[in-house]
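Read the structure below first, then the notes.
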Amino acid sequence: MKKMIDRITIGMFAFILGGLFIMNILRPIRSFSPNENRVLAQFPEFSVKKLLNHEFTSNYETFITDQFAGRDQWVAAKTSMERLLGKVENNGVYFGKDDTLIEKLDAVDAALVDKNVRYVNQFADALDQQVKIDMMLIPGAAAIQKAKLPWISDDIDQLALIDDIQSKLTSRINFVNVNESFLAHAEEDLYFRTDHHYSIIGAGLAYQCYAEALGLPISDSYVYEVVADDFLGTLASQSGAYGIKPDVIIKLINDESITVTYPDTGLIDNNVYLEDNLKVKDKYTYYLNGNHSLVQIKTKADRHEKLLILRDSYANIFTPYLLQAFSEIDLLDLRYYKYPISEYIDEHEIDRVLILYSGKNFMSDVNFTFLK
């Protein structure tokens, strides 16, 4: 009887292994994983030299791991099991309350932060005195939504870091600190639950702080529309929590007649939203068509002032609120734009510059060396 059970067990095990082997052979090789938001390893190039120095076997192992049949389901199941067993974070993402994923800030390079502050100060002090310059750093959800953090969390105090950065800036810069306003509205949906960006509501609160500081128009009757309800953002990909409840994508409805130009692609549009991007995995690119080296917007605003935003992707969802306040809005991304910013300001007769970043990105960005 025991031999019979052993044979059945071995047979079932062999059947499962054989099935997986056949599935892995027959399934098409994927080049990209939408859930993980990354390029997957492809079959490695073979040579005797690569075989002997173990490069081929190492790359082949990575290929098998990336292309394994049912990989997404295995990753999701593993993450779900770990959460049930009490794991509070994975791959730099906290598993928060109410199906909320929160990006962790567990290390800061103080020397890099000081270097970025120095670059910003040098840039501001060298600007023509007629050009006004503002700066905003948006704190991450971990700093604001403390009630949603798991019972064990060791996130660095982002608010204190932002305050410290403000204290080191030249007086030439008008720093708009949103920390207290965000804390006062911490119960609201200021951030996506599955993505590291703030939401259209959080961006609206940031604009309110900016508008109050500058005397810009603020509407008391913004109209919003839900345009998608199946957004799984970068934190879902990063943590493996693919089965979590998705976010909604919301647009701020604008009546302004505008022209939006993307010089790097040649695209010219009449909207700050790109409807086609609601069909892709990263639906945050619905806002201002994702990241570009340069975006140029012309509006019909009564306020004839030209604004240049030096930014990361946090500016994308912020921009719709600016359409009523500036006649021209240009956005430069230092990760891709490598020409002198001062020359751009002179050539396009810019009146005001806004440096807008998430706090975490400002503390880790190595591209401020191009801020000249």
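Applying a threshold of 7 Å to beta carbon distances and a minimum spacing of six or more residues, or different chains, the list of pairs starting in the stretch 157-176 at a residue that is open to solvent by 40 Å² or more (accessible area, probe 1.4 Å) and ending at one that is part of a loop (DSSP other than H, G, I, E, B) reads Leu161/Val108; Gln166/Asn177.
Taking the conditions (1) open to solvent by 10 Å² or more (accessible area, probe 1.4 Å); (2) within 18 Å of Ala315 (Cα to Cα) in turn, Leu267 satisfies each one other than (2).
Quick one: in the stretch 83-134, of everything that is over 22 Å from Asn177 (Cβ atoms) and basic (Lys, Arg), which residue is modelled with the lowest pLDDT? It comes out as Arg83. Across the stretch 257-273, not a single residue is classified as modelled with pLDDT under 95 and within 29 Å of Asp99 (Cα to Cα). Within the stretch 117-144, restricting attention to residues that are over 27 Å from the mean Cα position of the chain (by Cα) and not polar (S, T, N, Q), the residue that is nearest to Asp164 (Cα to Cα) is Asp125. Would you confirm whether any residue within the stretch 135-156 is farther than 26 Å from Thr369 by Cα, modelled with pLDDT under 95, buried (at least 18 other Cβ atoms within 10 Å of the Cβ) and in contact with a Ser or Thr (Cβ under 6 Å, 6 or more places away or on another chain)? Yes, the stretch 135-156 contains a residue that is farther than 26 Å from Thr369 by Cα, modelled with pLDDT under 95, buried (at least 18 other Cβ atoms within 10 Å of the Cβ) and in contact with a Ser or Thr (Cβ under 6 Å, 6 or more places away or on another chain). Would you confirm whether or not the stretch 89-111 contains a residue that is at positive phi, open to solvent by 50 Å² or more (accessible area, probe 1.4 Å) and not charged (D, E, K, R)? Looking through the stretch 89-111, at least one residue is at positive phi, open to solvent by 50 Å² or more (accessible area, probe 1.4 Å) and not charged (D, E, K, R).
The values are calculated or read from the model by the stated rules, or taken from the named source; none is laboratory data. Computed from a predicted model, the values in this text were never measured in an experiment. Ideal geometry is used to build each Cβ from the backbone, glycine not excepted, and the neighbour counts take in all protein chains shown. For accessibility, only protein heavy atoms count, side chains too; no ligands or nucleic acids. Shrake-Rupley method; radii C 1.70, N 1.55, O 1.52, S 1.80 Å.
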